[in-house]
Amino acid sequence: MQDFGEAFQLAVSLVLSGDADLVEIVALSLKVSLTAIGLACVIGLPLGAIVAITRFPGRNAVLILFNALMGLPPVVVGLIVYLHLSRAGPLGFLGLLYTPTAMIIAQTILITPIVMALSRQVLEDLNAEYAEQFRSLVLSRWQQVRALIWDARFSLMTVALAGFGRAVAEVGAVMIVGGNIDHLTRVMTTAIALETSKGDLSLALALGMVLMVIALGVNAMVQSLRMTAVRHAYA
Amino acid sequence: MPMRDVALNTVMTGNGADGAALPMVPDIRAVTTSDLCLTIGDKPLIRDVSLSLSPDGITMIMGPNGAGKSLLLRLIHGLLPPSSGGVLWGGQTLSDDLRRAQSMVFQKPVVLRRSVAANVEFALKARGVRDAARRDALLDHVGLLDHARQPARLLSGGEQQRLSLARALATAPKVMLMDEPTASLDPASVLKIEEIVLEARANGTKIIFVTHDLGQAGRLADDIIFMNQGRLHEYGPSDLFLSRPETQAARDFLQGRIVA
């Protein structure tokens with residue numbers, strides 16, 4: 001076990017020197033999580049919007065399901081994806097287990113409910129304001145969804161950032177389906193877990209610092225978006 | 001033709017400056033309702049309203065709070081389905097095509113979170129029209145062309161309502177339904193909106209207008225519907241209603257007394 005002060009100094013030097021391993025791990029983390037949030041938005045925003053503007057039998061049950069799925073345990077998601085992608089599983093023939101694609105799938109499953117549930121709430125509130133005007137203009141459902149998503153864009157970007165924050169900080173699912181393979185599926189969170197268990201704190205701390213910077217950056221962007229929205233009266 | 005007249009013609013007829021035109025809509029201005037009822041829960045809110053409105057001019061719907069004026073307007077426009085009875089537009093039952101020939105202005109302006117110009121473009125695009133000249137003519141008509149690039153939600157209440165009017169006129173409606181559009185606006189804004197409404201009427205748009213304001217009724221109305229407790233009490237020419245109301249409820253309303 002390294003001395004904490006020494007480990008901290010080493011971590012800072014790793015970050016400042018742009019250590020190749022560190023950069024590779026950070027780049028893969030961003031690639032996986034950004035792709036996952038992109039997919040989650042493509043799936044979750046229209047679904048959230050449809051539920052926001054539609055009344056149908058069993059809607060309350062769907063809302064409860066949306067909210068419950070926001071708390072999906074990452075290891076359970078990892079396990080389910082693992083079972084599907086493993087050689088004996090129904091999708092085993094795709095050969096995706098222990099690849100970044102498997103990690104993207106797991107993270108997408110994990111954060112799509114967050115995007116769906118939060119966007120549904122945002123869009124439902126906006127729709128309460130717009131609904132009569134939309135009906136008066138005889139808009140199709142698709143026109144309504146597009147208009148709502150566009151007009152709620154600042155709030156929805158905040159939703160996307162919340163999903164990204166969850167994805168990039170997640171460890172359980174990507175560990176199970178990615179396998180934490182060096183130079184292939186090692187991301188920040190799995191590397192931190194591994195290096196800490198090995199007692200090599202410098203790389204773990206360096207990655208932790210980058211993760212913290214990303215978390216702060218995400219929050220700064222959320223705040224900045226809110227201020228922009230207020231400034232332009234689009235809030 | 002002077003520039004303003006060209007712009008006004010563009011606004012009212014739907015003919016774009018570049019030749020683009022809104023889709024043709026049927027003439028639906030003769031609105032009739034038959035035994036129109038709306039019951040929510042076990043409470044009857046609109047009771048057996050049968051009317052045959054003149055296809056021209058401005059019809060005002062008046063009555064005390066809770067009379068059912070806004071509900072009647074929504075039933076006519078098709079925003080609410082009636083519990084029984086029906087509405088005919090030029091002898092036809094309401095369809096999406098017929099509803100596209102109408103537009104509605106709400107008491108609280110519904111302003112999209114976009115620029116002033118984009119709010120008008122939205123209504124034009126809803127009819128499949130992209131016409132910047134028509135958009136600008138509409139904004140000029142309501143006195144908002146100088147604000148075209150501003151966020152619409154930064155406009156004053158009166159300006160937001162004029163923007164709503166521009167959006168309603170964008171579709172060149174045969175019938176425009178207005179639910180207390182001047183409530184809580186200052187006198188100058190009220191007069192500006194009334195001027196736009198009168199121009200729309202002069203260009204052949206049928207207006208159905210909900211108001212509490214007797215002065216406004218005197219200035220604008222050609223005929224008046226008087227509602228109380230969800231029932232139609234009177235319908236007739238405005239000068240007759242305002243000078244010689246037939247029912248006690250209407251007399252009480254006009255004299256500022258509590259209406260039973």
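The values are calculated or read from the model by the stated rules, or taken from the named source; none is laboratory data. Just so we're clear, the structure is a prediction, and the values are computed from it rather than from any experiment. When we count neighbours, we look across all protein chains shown, and the Cβ atoms used for this are built from the backbone with ideal geometry, even at glycine.
Couple of notes before you dig in:
- Take the conditions (1) away from chain B (no Cβ under 14 Å); (2) of a type in the set (A, V, I, L, M); (3) surrounded by 23 or more Cβ atoms within 10 Å (Cβ to Cβ); A:ALA147 misses just one of them, which is (1).
- Looking only at residues in region B:242-260 that are hydrophobic (A, V, I, L, M, F, W, C) and assigned to a loop (DSSP other than H, G, I, E, B), the one that is farthest from B:GLU180 (Cα to Cα) is B:ALA260.
- Test: residue in region A:197-205 that is farther than 24 Å from A:TYR98 by Cα and among the hydrophobic types (A, V, I, L, M, F, W, C): yes
- From A:ASP151, A:ASP182, residue being more than 24 Å from A:GLY5 (Cβ to Cβ), of a type in the set (D, E, K, R) and touching a Lys or Arg at 6+ places or on another chain (Cβ under 8 Å): A:ASP151
- Taken over region A:130-144, residues that are outside any helix (DSSP H, G or I) and at the interface with chain B (Cβ under 7 Å from one of its Cβ atoms) amount to 3.
- The residue pairs whose first member lies in region B:48-60 and is touching a residue at least 60 places away in the same chain (Cβ under 8 Å), whose second member is aliphatic (A, V, I, L, M) and in a loop (DSSP other than H, G, I, E, B), and whose beta carbons are closer than 6 Å, counting only pairs six or more residues apart or on different chains, are B:PRO55/B:ALA30; B:ILE58/B:ALA221; B:THR59/B:LEU53; B:MET60/B:ALA221.
Residue by residue, here is whether (1) under 30 Å from B:GLN102 (Cβ atoms); (2) outside any loop (DSSP other than H, G, I, E, B); (3) of a type in the set (S, T, N, Q) holds:
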{"position": "A:ILE114", "(1), (2), (3)": "no, yes, no"}
{"position": "A:TRP150", "(1), (2), (3)": "yes, yes, no"}
{"position": "A:ALA160", "(1), (2), (3)": "no, yes, no"}
{"position": "A:ASN180", "(1), (2), (3)": "no, no, yes"}
{"position": "A:LEU184", "(1), (2), (3)": "no, no, no"}
{"position": "A:THR190", "(1), (2), (3)": "no, yes, yes"}
{"position": "A:LEU194", "(1), (2), (3)": "no, yes, no"}
{"position": "A:LEU205", "(1), (2), (3)": "no, yes, no"}
{"position": "A:VAL218", "(1), (2), (3)": "no, yes, no"}
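- Test: residue in region A:187-198 that is more than 23 Å from the chain's Cα centre (by Cα), within 13 Å of another protein chain (Cβ to nearest Cβ), more than 14 Å from A:SER33 (Cβ to Cβ) and of a type in the set (D, E, K, R): no
- Subset of region A:73-112 that is among the aliphatic types (A, V, I, L, M) and outside any helix (DSSP H, G or I) - its residue that is surrounded by the fewest Cβ atoms within 10 Å (Cβ to Cβ): A:ALA88
- Filter result for the condition that a residue is out of contact with any Asp or Glu (no Cβ under 8 Å at 6 or more places or on another chain), within 14 Å of chain B (Cβ to nearest Cβ) and in contact (Cβ under 8 Å) with a residue 12 or more places away in the chain, over A:ASN180, A:ASN127: A:ASN127
- Restricted to region B:72-100, and to residues there that are surrounded by fewer than 23 Cβ atoms within 10 Å (Cβ to Cβ) and of a type in the set (A, V, I, L, M), the residue that is nearest to the other protein chains (Cβ to nearest Cβ) is B:LEU79.
- Of all residues making up region B:204-241, the number that are surrounded by fewer than 18 Cβ atoms within 10 Å (Cβ to Cβ) and either assigned to a helix (DSSP H, G or I) or hydroxyl-bearing (Ser, Thr, Tyr) (or both): 6
- Only residues that are farther than 20 Å from B:ALA168 by Cβ and either touching a Gly at 6+ places or on another chain (Cβ under 8 Å) or within 9 Å of chain B (Cβ to nearest Cβ) (or both) were counted in region A:150-162, giving 4.
- Filtered residues of region B:107-133 (kept if away from chain A (no Cβ under 13 Å), closer than 26 Å to A:VAL145 by Cβ and not in a loop (DSSP other than H, G, I, E, B)): B:ALA117, B:ALA132
- Enumeration of residues in region B:108-144 that are farther than 25 Å from A:ARG141 by Cβ and among the hydrophobic types (A, V, I, L, M, F, W, C): B:VAL116, B:ALA117, B:ALA132, B:ALA133, B:ALA137, B:LEU138, B:LEU139, B:VAL142, B:LEU144
- Identity of the residue in region B:137-150, surrounded by 18 or more Cβ atoms within 10 Å (Cβ to Cβ) and not small (Gly, Ala, Ser), that ends up nearest to the other protein chains (Cβ to nearest Cβ): B:HIS147
- Any hit, region A:8-18, residues being modelled with pLDDT of 95 or more and closer than 30 Å to A:LEU205 by Cβ: no
- Check on B:MET12, surrounded by 18 or more Cβ atoms within 10 Å (Cβ to Cβ), at pLDDT 95 or above, under 18 Å from the mean Cα position of the chain (by Cα) and not in a loop (DSSP other than H, G, I, E, B): no
- Among (1) within 25 Å of A:GLY44 (Cβ to Cβ); (2) assigned to a helix (DSSP H, G or I); (3) at pLDDT 90 or above - the single one A:THR228 does not satisfy: (3)
- B:SER164 being within 14 Å of another protein chain (Cβ to nearest Cβ) and either outside any loop (DSSP other than H, G, I, E, B) or among the polar types (S, T, N, Q) (or both): yes
- A Cβ distance below 9 Å, combined with a sequence gap of six or more or placement on separate chains, defines the contacts here; from region A:53-74, residues that are without any contact (Cβ under 8 Å) to a residue 12 or more places away in the chain reach residues that are part of a helix (DSSP H, G or I) and among the β-branched types (Val, Ile, Thr) in the pairs A:PHE56/A:VAL62; A:ARG59/A:VAL51; A:VAL62/A:VAL51.
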